[in-house]
Amino acid sequence: MMNQLHRIRSLLVAVPAIVTILSIGPSDYIGYTAYILLALLIVRAGKLFPGVALPLLLAELFYFNWLASTYNGLLFLLPFATLIGAFTSKPFSKTALAWTIGGGALLTVSLQSEQPEVITAILLLWLMTAGILTIGNANAAKQHQTEHLYEALALSHEELEAARRRLIDYASQIEQYAQLEERNRIAKDIHDDLGHRLIRVKMMSEAAIQLFDADPPRARTMIEQIRDQLQDSMERMRRTVRRLAAPEDNDSRRYALDRLVADSGEALGIEVGFTVQGDMQPIYPSIELILFMNAQEAITNAVRHGGATVVDVTLHFRGKSVALTIANNGALPKEPVAAGIGIRGMKERMALIGGSLEWRMKERFEITTIIPLTGDADARAKITQEVQS
C-alpha cells in the first residue's frame, strides 16, 4: 500500500510536468527540467530519509506551490503529492487537519491568476482528496488492529494447544502412577492374604493326612474346611486377575465412578449406592482418576476393616470444587483413625492436584475427598503443608 502511494506521488509530479512542458517556451526547457528533476529528487528523498520527513514535506509544499504559481498548467496537482505524503507519514497523520488547511491556503495563493470557478473546483478536489486519505488512514488503522488481534488470537491458540498437550501428558503420568500403586497393592494382597491362606491350607492338609487313619470324621471335617478355604481363595484370585487385566481398546471410561460402584457391588457382594449433587461440571481425566482411586480405597477399607455391607458414594459439585464422600454402615473404629498406608496414599494423590482429605465418625464412618476445580491456591497451600508435616 505504501509503495503504491509513493508511485502515485511520483506520478503526480511527473505527469503534470510532462503535460505542462507543452505550454512553455523552448527557452525555459532547461530551467523547467531542472526544477522538475529537483521536485522528483525531493519526493525520492522523503522515502529514503524518513528521519527528516517533516522538513522535506514542508519544503516540498512551498516548492510545489511556487512551481504551480510560476508555470501554471497542471502543476497545481503537485501539492496533492505533498498532501498524500503528509497523510501517509505516520508521525504526521494526526495533524492531517492542519496539513489540509495550510496546504489549501498555500494552493489558493498559488492559483491567484486562475478564474474563481477553477480555484473553487481545485479546492474542492483538494478537500475530497484529504477526505479520501483520512478514510484510507482509518481503514489502514483498523486493518492493522485486526492483524494484531489475529496474531494475538493465534498466539493464544498455540498456548492453549500447548496447555492441552501438557494436561494430556499430566493425566497420562497420573494414570501410570495409579496403575503402579494398584499393582503394588494387589501384590501386597496376594502376599498377605492369598499367600497366608495357601500356607494355612497346606498345614491343614498335612494335619488331615495325619488324622485320616486315627480320626476319619475329624479328618473329613478338616478336608471340607480346606475345600471351603480353596473356594474362597479362588474367588479372591478371580477378583485379583480381573483387576490386573488390561482394559479393552474401546474402554474409554475405565476409571468412571459409576463403573466402580457397579464392579464393587458385584465383586465384594455388598450394596453400593451412587449419588450426584450440585451442578455437574466436566472433570479432567486426572481428577476423575484420583477420585476413582480414593473411592476404591475407601470402599475396600470399609469392607476389610469395618465389615460394611452398605456403602454410599456421593459426588457433590460445589462450584469451585468437587467433593467425594464415601459413607458405610460398618463398625466404627474404637480408637482415633491413624493415617495408615491407604490414607497416606490418598493424601499423596491429593497433593498432586491441591486437594484435601477429611473424615468424621457419627452414626456412620465418612471419608471425604475435596478437589478444587479452579486450582485454588489456598487449598493447594493447605494440602502441601499437611503433606510436609
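So if I place +1 on the C-beta of Lys and Arg and -1 on the C-beta of Asp and Glu, and nothing else carries charge, what would the dipole magnitude of the stretch 118-220 be about its Cα centre? I want it in debye, nearest 20. Walk me through the numbers on the way to the answer.
Numbers: 12 positive and 15 negative charges, 51 e Å.
I would put it at about 240 debye.
Go ahead and run the numbers for FRET between Arg227 and Ala256, Cβ-Cβ distance against an R0 of 35 Å, rounding to 0.05. Taking R0 as 35 Å, the efficiency between Arg227 and Ala256 is 0.40. Modelled spin-label separation between Tyr150 and Tyr284, with each label point placed 7 Å from Cα along the Cα-to-Cβ direction: 3.3 nm. Measuring from centroid to centroid over Cα atoms, what is the spacing of the stretch 31-80 and the stretch 120-149 in Å? The stretch 31-80 and the stretch 120-149 have Cα centres separated by 22 Å.
What is the local net charge at Ile270, summed over the other residues whose Cβ is closer than 12 Å to its Cβ (Lys, Arg +1; Asp, Glu -1)? Net charge in that neighbourhood comes out at -3.
Using packing as a proxy for protection, rank 287-298, 67-78 so that the peptide with the highest average count of other Cβ atoms within 10 Å comes first. Could you put the intermediate results ahead of the total?
Numbers: 287-298: 22.4, 67-78: 20.7.
Top of the packing list down: 287-298, 67-78.
When only Cα pairs under 8 Å and 6 or more residues apart are kept, what is the percent relative contact order across the stretch 2-114? In percent, rounded to a whole number, it is 32. With R₀ set to 22 Å, the beta-carbon distance separating Trp66 from Ala34 gives a calculated FRET efficiency near 0.95. Here the translational diffusion coefficient of the stretch 48-158 follows from Stokes-Einstein with Rh set to the Kirkwood radius across Cα pairs; for 37 °C and 0.692 mPa s it amounts to 211 µm²/s.
Coordinate-derived values only; no laboratory data. Please read all numbers here as calculations on a predicted model, not as lab measurements. Glycine also receives a Cβ, built like all others from the backbone with ideal geometry; neighbour counts cover every protein chain displayed.
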